[in-house]
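See structure below.
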Amino acid sequence: PRFAYQPALDGVRALAVAVVLLFHADVPGFGGGYVGVSVFFTLSGFLITTLLIREHERHDRIDTAGFYARRAKRPLPASAVCLLAVIGLSMLGAWDQVEHLRRDVWAAALQVFNWLRLTGDTSYGDLFAAPSPVLHFWSLAIEEQFYLVFPLLLVGLWSLTKGRKAW
């Protein structure tokens with residue numbers, strides 16, 4: 001059976017995003033913005049896993065190229081517009097105080113901003129002293145890396161268990 005559209009899940013995702021926005025707006029009582037991120041990631045993982053399982057059940061395979069094309073159509077156009085706006089505004093002098101803006105933009109464009117932050121030489125306090133306009137790309141990078149690796153992991157698991165009823 002086809003996985004039907006679930007409008008309630010859009011509502012849960014909207015609430016998760018709202019919690020994150022309220023956290024960033026310093027609204028009292030919303031100090032746990034990471035809960036919203038966690039809910040969003042969990043829900044995305046559930047939806048992607050369900051779609052991949054259903055596709056495998058219907059066709060006995062996963063069209064990974066099609067999967068990656070569909071995933072790219074969702075966040076990448078808006079990300080590109082955001083990064084182009086950051087580049088344009090930085091050329092006009094915005095974010096002059098951000099020490100490694102060029103590096104940050106490249107890491108955001110290549111979907112590795114989370115790794116840059118993990119391996120970077122900045123402290124937690126530095127994040128708030130002169131915040132990069134692309135800080136939010138850490139979560140997008142994690143999501144895109146999940147989308148890159150997880151279908152391949154499932155394809156590998158299915159090939160190892162072919163013919164078994166493990167699934």
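The values are calculated or read from the model by the stated rules, or taken from the named source; none is laboratory data. From a predicted model like this one, the values you see are computed outputs, not experimental measurements. Using ideal geometry, Cβ is built from the backbone for each residue, glycine included, and neighbour counts are taken over all protein chains shown. Note: accessible area is taken over every heavy atom of the protein model, side chains too, but ligands, DNA and RNA are not part of it. Shrake-Rupley method; radii C 1.70, N 1.55, O 1.52, S 1.80 Å.
Quick notes
- Contacts under 6 angstrom Cβ, first residue in the stretch 85-114 being at positive phi, partner open to solvent by less than 70 Å² (accessible area, probe 1.4 Å) and part of a helix (DSSP H, G or I), 6 or more apart: Trp95/Leu101; Gln111/Ala141; Gln111/Glu144
- In the condition set (1) open to solvent by less than 70 Å² (accessible area, probe 1.4 Å); (2) over 30 Å from Thr161 (Cβ atoms); (3) not in a helix (DSSP H, G or I), Ala4 is compliant with all but (2).
- The sole residue among Ile62, Ile53 that is β-branched (Val, Ile, Thr) and in contact with a Pro (Cβ under 8 Å, 6 or more places away or on another chain) is Ile62.
- Within the stretch 31-106, helices (runs of 4 or more DSSP H) holding 3 or more residues that are open to solvent by 30 Å² or more (accessible area, probe 1.4 Å) and of a type in the set (Lys, Arg): 64-73
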